[in-house]
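**Q** Sharing a structure, written as structure tokens. Questions coming.
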């Protein structure tokens, strides 16, 4: 899933694919398909920053570009990210996680057959 947002005064494309989801697990330490929970030391802006970083990673990798972005670069521009852009990023990430999770479930069922057939 692709979403466009403006950060640091530039229009950027974010791509939430397997590469971005893998990067998200590396950045946040959560399990595949999980989402880091907001807490006193991890706000919605922190979460969106991580998602933007990972979405940029997905876009750069898909386009064959060198990923030279630092998470600190994203953090500096977070004050300018609109609520609408934050929501678009969260929705795109969530849709991507659901899609990948559903595809994995179908793949596992295809590999092992469904439990209903075994009964």
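The values are calculated or read from the model by the stated rules, or taken from the named source; none is laboratory data. Keep in mind that what you see is a predicted model, and the values were worked out from it rather than measured. Cβ placement follows ideal geometry from the backbone for every residue including glycine, while neighbour counts extend to all protein chains displayed.
**Q** Restrict the check to region 49-60 and report whether at least one residue is under 12 Å from the mean Cα position of the chain (by Cα), farther than 16 Å from residue 17 by Cα, part of a helix (DSSP H, G or I) and touching a residue at least 12 places away in the same chain (Cβ under 8 Å).
**A** yes
**Q** Between 31, 46, which is surrounded by fewer than 18 Cβ atoms within 10 Å (Cβ to Cβ) and farther than 18 Å from residue 92 by Cβ?
**A** Every option except 31 fails the conditions.
**Q** Next question. Identify the single condition in (1) under 19 Å from residue 26 (Cβ atoms); (2) assigned to a helix (DSSP H, G or I); (3) free of Cβ contacts under 8 Å to residues at least 40 places away in the same chain; (4) more than 14 Å from the chain's Cα centre (by Cα) that residue 84 does not satisfy, given that it satisfies every other one.
**A** (1)
**Q** Still on this model: Scan region 95-106 for residues that are exposed (fewer than 11 other Cβ atoms within 10 Å of the Cβ) and either at pLDDT below 80 or in contact with a helix residue (DSSP H, G or I) (Cβ under 6 Å, 6 or more places away or on another chain) (or both) and jot them down.
**A** Scanning region 95-106 gives 102, 105.
**Q** Pull up region 1-30, narrow it to residues that are in a loop (DSSP other than H, G, I, E, B) and in contact with a helix residue (DSSP H, G or I) (Cβ under 7 Å, 6 or more places away or on another chain), then point me to the one that is modelled with the highest pLDDT.
**A** Once the filter is applied, the top-ranked residue is 16.
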